[in-house]
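Novice: First the structure, then my questions, so here it is.
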Amino acid sequence: MGVERASLTGMPWYYEPQSGGQKIPAHLHDTLCRQAEDFSRGRSWYGRTRLVLRFSGRFCYVEEQRGDDKRVSPFIRLRYFRSPMRDGAIWSMAVYACSHERFEP
């Protein structure tokens, strides 16, 4: 007994924010870096902390670098989805959990 094709057409479309995604377009790299720079510059409490962005396929990793230290610490991971319904993008976010040493929604 199979599922009729007509019964599937009425199913709502949805996306799972913690899986899938598309490669982040190159033109968004500069935009995101500029936004991160503006954000950290406008916050006096950031002091000597700098946000560092790294892109890998569908992910944008936001890391922090303190003072003159060359090491960076993971902070958040953004996942990019093209929006089929509107101009722009949809993002999901996962926060780095030091206790598990991984990103969690």
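Novice: I'm trying to understand the selection: among the residues of region 24-42, which are part of a loop (DSSP other than H, G, I, E, B) and surrounded by fewer than 10 Cβ atoms within 10 Å (Cβ to Cβ)?
Specialist: Across region 24-42, the qualifying residue is only 42.
Novice: Can you tell me how many residues within region 59-74 are surrounded by 15 or more Cβ atoms within 10 Å (Cβ to Cβ) and assigned to a strand (DSSP E or B)? Explain how you work it out, then say what you get.
Specialist: Here is the first cut: in region 59-74, the residues surrounded by 15 or more Cβ atoms within 10 Å (Cβ to Cβ) are 59-65, 72, 74.
With the extra rule that they be assigned to a strand (DSSP E or B), the set shrinks to 59-65, 74.
Going through region 59-74 one residue at a time, the tally reaches 8.
Novice: Which condition number in (1) touching a residue at least 24 places away in the same chain (Cβ under 8 Å); (2) farther than 23 Å from residue 100 by Cα; (3) surrounded by 14 or more Cβ atoms within 10 Å (Cβ to Cβ) is the one that residue 50 fails?
Specialist: For residue 50, the failing item is (1).
Novice: How about region 64-85: which of its residues are under 12 Å from the mean Cα position of the chain (by Cα) and within 23 Å of residue 100 (Cβ to Cβ)?
Specialist: The answer is 75, 76, 77, 78, 79.
Novice: Conditions: (1) more than 18 Å from the chain's Cα centre (by Cα); (2) on the phi > 0 side of the Ramachandran plot. Residue 57 meets all but one. Number of the miss?
Specialist: Tallying (1) more than 18 Å from the chain's Cα centre (by Cα); (2) on the phi > 0 side of the Ramachandran plot, residue 57 fails exactly one: (1).
Novice: Name the single residue that is nearest to residue 28 (Cα to Cα) among those in region 75-89 being in a strand (DSSP E or B) and at pLDDT below 85.
Specialist: First, the residues of region 75-89 that are in a strand (DSSP E or B): 75-82, 89.
Right, trim to at pLDDT below 85 and you get 82, 89.
On the way: 82: 12, 89: 10 Å.
The extreme case among them is 89.
The values are calculated or read from the model by the stated rules, or taken from the named source; none is laboratory data. All of these numbers come straight from a predicted model, not from anything done at the bench. Glycine also receives a Cβ, built like all others from the backbone with ideal geometry; neighbour counts cover every protein chain displayed.
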